[in-house]
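Participant: Submitted below is the structure of interest, expressed as structure tokens.
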Amino acid sequence: MYRTDRQFAREMDAQDGLAAYRQQFHCPRGTDGRPVIYLCGNSLGLQPIGVRQAVLDELDKWADFGVEGHFARPYPWYSYHEHLCAAAAAIVGALEHEVVAMNSLTTNLHLMMVSFYRPTATRYKILIEATAFPSDQYAVASQAKFHGFDPKDAVVVLSPRDGESTLRTEDIEAYLDVHGQEVALVMFGGVNYYTGQAFDMASITAAGHRNGCIVGFDLAHAAGNLMLELHDWGVDFAVWCSYKYLNAGPGGVGGCFVHDRHAAAVDLPRFAGWWGTDPATRFQMDPAFVPQHGAEGWQLSNAMILPMAALRASLELFEAAGMPALRQKALALTEYLLFLIDQIPSESFEIITPREPAARGCQISIRALSNGRALFERLEQGGVVCDFREPDVIRVAPVPLYNSFEDVWSFWSILKESVSS
Ligand SMILES: *Cc1c(COP(=O)(O)O)cnc(C)c1O
């Protein structure tokens, strides 16, 4: 049903109910003055038009009201983070009190592990996937070390079978069913940043839980990309950043999910700060820390207003478009991309992202079998913005809020030329 001509891509765009959202974003231009083919929203999402005004509003509030800005409407700073919960909860499939926007991703990962990595002499291992993002590898290794364990022993890295690029769910489950009694924490990505594999989080959570493990996910590449049901899957905790698919800008504020079953666990060890205490008594400056119910009880500091303003503006687009429609378009874009790439004789590269729809998000990872860097540079010269990850992977991510089918076609025609030249 697909065709390889440009006209076909234009027809797809004409039928796309989300096509108008492209106008809500700034797209960088190349040296020729034309918009680039931006396929890098998995690394840094484009800037929504509304972000600038949202940030300016807070700068104006600061200029006009000074400290009184904490109480100035419509979004008083003292409760600013509360306005982000509903939209964030919808994106990750959570109850509102299960999510909070705070800090940055790796910081949140550490805060979560302080509470949820509780090793004992016999159950102390952390299970992560191979090619986990380096920051996550450092975080889990340093947590193991912090508790007096040798990371070489305590951190178990699960690799794909020989000759395969991605993990099979059955192998993750089998590992847990055999060795799960030693595992304190299963800490996986929702989507692996390198291969683009979307993990079966429901099955991994169930396998972890039936073997007595705590299960957490890093959703850096999953939030705003996949349909997530963190509450229903029973995930213990999750963390994410907002500058990738969530388009909240460089260094944007991170997110955190804590399952309702832990919402009232006031005895859980945690690093505490005044913003995590019950707001009813927060300003009584009482030295007794009473953690707030739910994820907000893990906050440390008062809200980061400027990045949160950007996030608020960005989340409005997700609320308007809705994750189900976005996910549907993402699958259509990647299916089309896979079809097109399959038309190119492939001695020079292979696709390592799984082809089953449920096992991929927006990103397709192309492994160059030789001269990957040179191929990547040719794509760049052709006006494509994507990225290269050592040693040999080119990542491209058409995202449904602002990429079109014609973007996918344009990328493909440049890839085709680059491969044959
Ligand atoms: C992008 C990304 C990070 C980055 O961490 P920051 O703390 O936001 O700098 C960490 N982990 C994963 C899996 C990522 O994809």
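The values are calculated or read from the model by the stated rules, or taken from the named source; none is laboratory data. Remember, it's a predicted structure, so these values are computed and weren't measured experimentally. Here the Cβ positions follow ideal geometry from the backbone for every residue, glycine too, while neighbour counts run over all protein chains shown.
Participant: Just a yes or no: is a residue in segment 248-260 aliphatic (A, V, I, L, M), surrounded by fewer than 16 Cβ atoms within 10 Å (Cβ to Cβ), touching a residue at least 12 places away in the same chain (Cβ under 8 Å) and assigned to a loop (DSSP other than H, G, I, E, B)? Even if it seems obvious, please write down each step before you answer.
Facilitator: Going residue by residue through segment 248-260, those that are aliphatic (A, V, I, L, M) are 248, 253, 258.
Of the ones still in play, those that are also surrounded by fewer than 16 Cβ atoms within 10 Å (Cβ to Cβ) are none.
No - not one qualifying residue is present in segment 248-260.
Participant: Of all residues being more than 16 Å from the ligand (Cβ to nearest atom) and part of a loop (DSSP other than H, G, I, E, B) in segment 204-227, which is farthest from A139 (Cα to Cα)? Just the residue, please.
Facilitator: This residue is M227.
Participant: In this structure, is G254 more than 11 Å from the ligand (Cβ to nearest atom), outside the structural domain of K329 (by TED's automatic domain parsing), in contact with a strand residue (DSSP E or B) (Cβ under 8 Å, 6 or more places away or on another chain) and not hydrophobic (A, V, I, L, M, F, W, C)?
Facilitator: no
Participant: Something else now. Check whether at least one residue in segment 280-290 is out of contact with any strand residue (DSSP E or B) (no Cβ under 6 Å at 6 or more places or on another chain), within 26 Å of Y117 (Cα to Cα) and among the polar types (S, T, N, Q), and report yes or no. Show your work before the answer.
Facilitator: Kept after step one, since they are out of contact with any strand residue (DSSP E or B) (no Cβ under 6 Å at 6 or more places or on another chain), are these residues of segment 280-290: 280-288.
When the remaining residues are screened for being within 26 Å of Y117 (Cα to Cα), the result is 288.
Narrowing further to those that are among the polar types (S, T, N, Q): none.
No, that holds for no residue.
Participant: Checking the condition surrounded by fewer than 24 Cβ atoms within 10 Å (Cβ to Cβ) and within 16 Å of the ligand (Cβ to nearest atom), which residue from T122, T107 passes?
Facilitator: Only one candidate qualifies: T107.
Participant: Out of L109, L84, I need the residue that is over 27 Å from Q143 (Cα atoms), touching a helix residue (DSSP H, G or I) at 6+ places or on another chain (Cβ under 7 Å), modelled with pLDDT of 95 or more and not charged (D, E, K, R). Which one? I'd like the intermediate steps shown before the answer.
Facilitator: On the way: L109 fails: over 27 Å from Q143 (Cα atoms).
Only one candidate qualifies: L84.
Participant: Pick out the one residue from A288, A280 that is outside the structural domain of L401 (by TED's automatic domain parsing), surrounded by fewer than 16 Cβ atoms within 10 Å (Cβ to Cβ), without any contact (Cβ under 8 Å) to a residue 24 or more places away in the chain and part of a helix (DSSP H, G or I). Let's see the steps before the verdict.
Facilitator: Numbers: A288 fails: part of a helix (DSSP H, G or I).
Matching residue, one of A288, A280: A280.
Participant: Hey, among Y75, Y80, which residue is assigned by TED's automatic domain parsing to the domain that holds F257, assigned to a loop (DSSP other than H, G, I, E, B) and either hydroxyl-bearing (S, T, Y) or touching a Cys at 6+ places or on another chain (Cβ under 9 Å) (or both)?
Facilitator: Details: Y80 fails: assigned to a loop (DSSP other than H, G, I, E, B).
None of the other options fit; the residue is Y75.
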